[in-house]
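Accompanying notes for the structure given below.
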């Protein structure tokens, strides 16, 4: 299966981006509906109890793909025998992780001093087996840029997961509703991926290329492990020291504020990684494509993140209810962290597409102890202290991260500064305007009114400055024309066999 860049790559990227964004938008709506509904049916303690287990099993989950989905997408040419071998490796890894999770359940319960975590952890183990069966099928869809199919699968899976969770919560099953929802998601995705790809693995066959792909995947897995520990160690500490209620408040605030940017980065990032991998030997084109994708991602995430920080109280009250009011300050304090994520996460597309996974790992090995140290500084002050320390560390780290990632790639710091300058300035002006309007109308509007009026004012000001005053209108008109041509100029290609 050859993957040389073709003249239609731009249209494929745009079609894929549209499909992923639409799919992620639907997924986001479903996730919000799920969170809002269950926040009113379950307590912070229920969420915190499940989070105690998932923050540990999430470490195991990093090994579920073994980085082999990325290896399948990144490799220039790949054979059916190689994909089949990777498939069976993923299946074995999934079964092994299921066993490890069940065996470690008593230790996890003992660590937290919470016996209910034993059956919870054991039940979550089945998710690894489901995931292992579908890794390569999803990778084949991604490799073929079949993002409409991927978006459809993700949306249907999220719908099934949401329905299962809400149904069980209404039936009074408590935190078991969260567990059932988390298992329904990978099970549905795997079933749908098999139906969409219609590829049946053959017998495994080892060769030298498999070893290279395993090393590539292994490096990515270690990198993901380091990043996960760095970005989730505070949840382990909060659960151990402050208990399930504090972790529940922190965890919901973290998930809610990071959800929009996570989905956006996931939508654009998976398309960008596939496309950039195809043109990795064309530096000028790669630079142009990356900077356009980077600029688009930042331009969309800046106003969302700033808005969340500015209207934290209203968002938490409306989304989660008055029982979760203590999460509002955590939500606000985490806003700078999520903004920095929006700025630095896209560099993973660049590094992995260029085969620089080793550098990505080194960056993570430096970042992880920095943020873990920050958590320890903030831990005595509870969830608010941890959130503040986390954001402070991430803001200080942003510039060194960028400089390290772009070294030797042909992309300069000036290129990145240019992509960041206008969205950040427009976001700052829009935030000031929305804040001033909110202060003036505070006594005249309820929570819903403040959120709607403030949000409308901020969006209007942001795009006024970005498109008109900063002269970005032509860029987005060109993007709109490209999207129209991509959508109406062709249809997604059918699945190809490897």
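Computed quantities for the displayed model
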quantity	calculated
Unique match (being in contact (Cβ under 8 Å) with a residue 40 or more places away in the chain and in a helix (DSSP H, G or I)) among 367, 432, 396, 441	367
Lone unmet requirement of (1) more than 30 Å from residue 386 (Cα to Cα); (2) free of Cβ contacts under 8 Å to residues at least 24 places away in the same chain for residue 325	(1)
Test set (1) surrounded by fewer than 22 Cβ atoms within 10 Å (Cβ to Cβ); (2) touching a helix residue (DSSP H, G or I) at 6+ places or on another chain (Cβ under 7 Å); (3) in a helix (DSSP H, G or I) - residue 288 fails condition number	(2)
Test: residue in the range 133-149 that is outside any helix (DSSP H, G or I) and without any contact (Cβ under 8 Å) to a residue 40 or more places away in the chain	no
Answer residue from the range 75-103, given it is out of contact with any helix residue (DSSP H, G or I) (no Cβ under 7 Å at 6 or more places or on another chain) and in a helix (DSSP H, G or I) and is modelled with the lowest pLDDT among those	80
Selection within the range 322-343 - part of a helix (DSSP H, G or I), within 20 Å of the chain's Cα centre (by Cα) and surrounded by 22 or more Cβ atoms within 10 Å (Cβ to Cβ)	330, 331, 332, 333, 337, 338, 339, 342, 343
Answer from 377, 395, 371, 338 - the residue that is at pLDDT 90 or above and within 28 Å of residue 317 (Cα to Cα)	395
Residue in the range 220-235 that is in a helix (DSSP H, G or I), in contact with a helix residue (DSSP H, G or I) (Cβ under 6 Å, 6 or more places away or on another chain) and modelled with pLDDT under 75 present	yes
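For (1) assigned to a helix (DSSP H, G or I); (2) free of Cβ contacts under 8 Å to residues at least 60 places away in the same chain; (3) crowded, with 20+ Cβ neighbours inside 10 Å, each residue gets a yes or a no:
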residue: 118; (1), (2), (3): yes, yes, no
residue: 122; (1), (2), (3): yes, yes, no
residue: 130; (1), (2), (3): yes, no, yes
residue: 152; (1), (2), (3): yes, no, no
residue: 162; (1), (2), (3): yes, no, yes
residue: 166; (1), (2), (3): yes, no, no
residue: 173; (1), (2), (3): no, yes, no
residue: 195; (1), (2), (3): yes, yes, no
residue: 203; (1), (2), (3): no, no, no
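The values are calculated or read from the model by the stated rules, or taken from the named source; none is laboratory data. Quick caveat: nothing in here was measured; it's all calculated off a predicted structure. Here Cβ is always computed from backbone atoms with ideal geometry, including for glycine, and neighbour counts include all displayed protein chains.
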